[in-house]
Amino acid sequence: MFERFTTSAREVVRGAVRHAEDTGAETIGEAELLLALLDRTGGSGTGGSGADSSRKEDGGGRKEDGGGRKEDGGGPKVDARARSDRKGSPAAEVLTALGAHGRRASIERALAEVRRRGGITGADVEALAGLGIDVDEIVARVEEAHGVGALATAGSTTDSAPGAASARAPRRGRRPLRRPFSREAKSVLERSLRIALARGDKYIGDEHLLLALTASPGVAAHVLADHDVTYIQVERALSARAMKG
């Protein structure tokens, strides 16, 4: 499946891995994928990212893409993935247009709260409150007894219990273990393929990853919805972008 990924989509996956490594998370989850998508909105991800920004000209005026292929002005045909790469980062443009980039700090806080509550989203908190269950009080009691972050899921990092990060740290001289994708993150990647096929695309771009994150209930979808970014809005924004050419 990964051979279908555009440069932008590959960068999102690499970014998610970096987020997990930076925080010491044991797995790469939806939160890391979402943060990596938001990273693309910081500047380079919107217009000049992907294969287009890495292309070089040789002495004869031909351009060479990231894979070392050369083409003349009249040019040999290139595959759909390469053409998509040249369009930059659709997901970054959509997230910026929908205001998610400006709300990044709030999104990060929301993701941190979900981790602290052991994966319980804000919507879950409201639903449980209707049953008379105060999640925040329960979390506070557990943390009072067992330390801050005691309910955090694997993949929570800054809120991990004291000593947890050091316990996971590799011994000096040894390469760190490769972090696996969580079950939810794997579902997102698989769903991105199905979405791409349903849209008639022969590649998987970062826009398909964004659609996959918002298509089904999950941490990322709930947090984004709370910040006015939904599947329908993403679809509409992508359609408007396509109409502009």
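The values are calculated or read from the model by the stated rules, or taken from the named source; none is laboratory data. Nothing here was measured: the structure is a model prediction, and the numbers come from that model. All Cβ positions, glycine included, derive from the backbone under ideal geometry; neighbour counts span all protein chains shown. Only protein heavy atoms, including side chains, enter the accessible area calculation; ligands, DNA and RNA are left aside. Shrake-Rupley method; radii C 1.70, N 1.55, O 1.52, S 1.80 Å.
Annotations
- Here is the figure for segment 91-122: residues that are among the aliphatic types (A, V, I, L, M) and out of contact with any Asp or Glu (no Cβ under 8 Å at 6 or more places or on another chain) total 8.
- Selection count where residues are in contact with a helix residue (DSSP H, G or I) (Cβ under 6 Å, 6 or more places away or on another chain), open to solvent by 10 Å² or more (accessible area, probe 1.4 Å) and not in a helix (DSSP H, G or I), scope segment 189-229: 4
- Matching residues in segment 1-19 - criterion: being open to solvent by 10 Å² or more (accessible area, probe 1.4 Å) and either closer than 22 Å to ARG194 by Cβ or in a loop (DSSP other than H, G, I, E, B) (or both): MET1, PHE2, GLU3, ARG4, THR7, ARG10, GLU11, VAL13
- Segment 20-39, residues that are open to solvent by 40 Å² or more (accessible area, probe 1.4 Å) and either over 20 Å from SER187 (Cβ atoms) or within 14 Å of the chain's Cα centre (by Cα) (or both): GLU21, ASP22, THR23, ASP39
- Restricting ARG109, ARG62 to those that are surrounded by fewer than 19 Cβ atoms within 10 Å (Cβ to Cβ), among the basic types (Lys, Arg) and at pLDDT 80 or above reduces the list to ARG109.
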